[in-house]
Ligand code: GNR
Ligand code: NI
């Protein structure tokens with residue numbers, strides 16, 4: 001296993017749309033294992049391949065409190081969305097920034113697991129929020145792009161200032 005580097009907003013590579021995985025093989029399983037290790041090390045509840053600069057439709061999610069509930073989604077598709085819910089989100093690609101985003105309250109999603117078996121899942125609450133956040137990444141969208149233009153400008157200024165200080 002290996003820890004992968006997470007790319008940070010506003011890196012333009014976060015906007016590359018992910019391609020469907022054509023064949024789930026050992027390379028895919030290695031990517032999934034490395035993504036899981038990277039997500040746990042960063043203490044995130046989800047990670048999209050886009051964030052580690054791999055532009056394939058692969059997600060890992062674990063919303064359990066004891067970090068024992070790894071879920072893998074390959075080529076995920078949302079079949080149904082219901083309701084609306086506003087929740088505070090954060091992103092490993094936008095460290096230190098948290099804001100409220102409106103999403104569907106519940107979703108039905110179908111995907112393949114790392115063995116290539118199809119599953120369909122009804123999700124609500126944090127899992128539903130996380131699935132939608134991760135699927136946005138696969139389409140090249142970061143949660144801050146769902147905020148107002150004013151907030152996006154403030155976030156970009158804050159990140160620039162932070163980078164200047166780090167340099
Ligand atoms: O770790 C994460 N926490 C989180 C909290 C609220 C809504 C979404 C998330 S996902 C985020 C990890 C991440 O950046 N995944 O892309
Ligand atoms: Ni994210």
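Quick notes on this one:
- Residue identified as within 15 Å of the chain's Cα centre (by Cα), more than 13 Å from ligand 2 (Cβ to nearest atom) and in a strand (DSSP E or B) among 73, 119: 73
- Residue in the stretch 24-33 that is in a loop (DSSP other than H, G, I, E, B), closer than 13 Å to residue 3 by Cα and either touching a strand residue (DSSP E or B) at 6+ places or on another chain (Cβ under 7 Å) or within 10 Å of ligand 1 (Cβ to nearest atom) (or both) present: no
- Lone unmet requirement of (1) within 12 Å of the chain's Cα centre (by Cα); (2) assigned to a helix (DSSP H, G or I); (3) within 14 Å of residue 114 (Cα to Cα) for residue 50: (3)
- None of 82, 77, 114 is surrounded by fewer than 20 Cβ atoms within 10 Å (Cβ to Cβ) and within 23 Å of residue 15 (Cβ to Cβ) except 77.
- Some residue of the stretch 126-135 being within 17 Å of residue 9 (Cα to Cα) and in contact with a helix residue (DSSP H, G or I) (Cβ under 7 Å, 6 or more places away or on another chain): yes
- Extreme residue, surrounded by the most Cβ atoms within 10 Å (Cβ to Cβ), among residues of the stretch 85-111 that are part of a strand (DSSP E or B) and within 16 Å of ligand 2 (Cβ to nearest atom): 103
- When restricted to residues that are surrounded by fewer than 11 Cβ atoms within 10 Å (Cβ to Cβ) and not in a helix (DSSP H, G or I), the stretch 134-167 contains 2.
- Pairs linking a residue in the stretch 84-98 that is farther than 14 Å from residue 48 by Cα and at pLDDT below 95 to a residue that is away from ligand 2 (no atom under 13 Å from the Cβ) and assigned to a loop (DSSP other than H, G, I, E, B), with Cβ atoms under 7 Å and 6 or more positions apart or on different chains, do not occur.
The values are calculated or read from the model by the stated rules, or taken from the named source; none is laboratory data. Treat the numbers as computed from the prediction; the structure is a model and nothing was measured. Note: ideal-geometry Cβ built from the backbone for every residue, glycine included; neighbour counts use all protein chains shown.
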